[in-house]
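Single-structure report; data block below.
The values are calculated or read from the model by the stated rules, or taken from the named source; none is laboratory data. Remember, it's a predicted structure, so these values are computed and weren't measured experimentally. Don't worry about glycine lacking a Cβ; one is built from the backbone with ideal geometry, like all the others, and counts go over all protein chains shown. The area values use the complete protein model at the heavy-atom level, side chains included, leaving out ligands, DNA and RNA. Shrake-Rupley method; radii C 1.70, N 1.55, O 1.52, S 1.80 Å.
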Amino acid sequence: MPTTPLRKDAARNWERIVATARRYVDEGKPLQLNDVARAASMGVATVYRHFPTPEALLETVAAPTFEALAERAEQALADPDPWQALHGFLVEGIRVQLTDAAVAPVLAAGTDALACTTELKHKVTSRFGRLLARVHEAGVIDPGVSEADLVSLMCGIAYAVNIHTGLDATERAAAGRRYLGILLAGLRQPRPGSAE
């Protein structure tokens, strides 16, 4: 929802616009504000009043997923096992990339249309950075692996799954977890003093 309270009718319009846009994104349709207005049975001016650009609307559609991912990262930081914490967060990161079509374009955008998007992305990346720092400190991952490396590799996994267009949602999720497992097995180092 917007940061400032809306009148009831304006709030209903906002929710209807976002729900319509969510359907468009889920169906792989381009997010054009005029089309969303028509599909939501409201005037174009009403849509533009709430969302001045398609990017602002897309970021609003993606916001709940980013909020959940930031919360998952916070929960992972509470895990006493640094490796399991990072692993669990990356599994969730792959899942959201494969299940929410709004995430990848928002992540890839050079600039954000909304300040709240920038804040959410910062929460996710800063917590991810702390998770990575913990596994580096524990000595269980190649010390040369950076945040940028893992972000690129995660995008690569999502791309590798997405090129298999014949997979259903369950098969896509399973492929994503499998590819991530292979990646992490290659990055993991034995704990100091362990027999691994």
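For this structure, a couple of remarks:
- Fraction of the pair-distance distribution of segment 82-196 above 21 Å, Cα-Cα pairs, percent: 42 percent
- Computed about the Cα centre, the dipole magnitude for segment 1-65 is approximately 280 debye when only Lys and Arg (+1) and Asp and Glu (-1) carry charge, each at its Cβ.
- Per-residue SASA entry for TYR48, accessible area with 1.4 Å probe, Å² rounded to 10: 100 Å²
- Within the chain: Cβ-based charge dipole about Cα centre, in debye rounded to nearest 20 (Lys, Arg +1; Asp, Glu -1): 480 debye
- Convex hull volume of segment 12-103 per residue (C-alpha atoms, cubic angstrom): 83 Å³
- Whole-Hz Karplus values for segment 131-140 come out as 4, 5, 4, 5, 6, 5, 4, 6, x, 9 Hz, taken residue by residue from phi with 6.51 cos²θ - 1.76 cosθ + 1.60 and θ = phi - 60°; glycine and proline positions read x.
- Mean accessible surface per residue for segment 1-107, computed with a 1.4 Å probe while every protein chain stays in place, in Å²: 51 Å²
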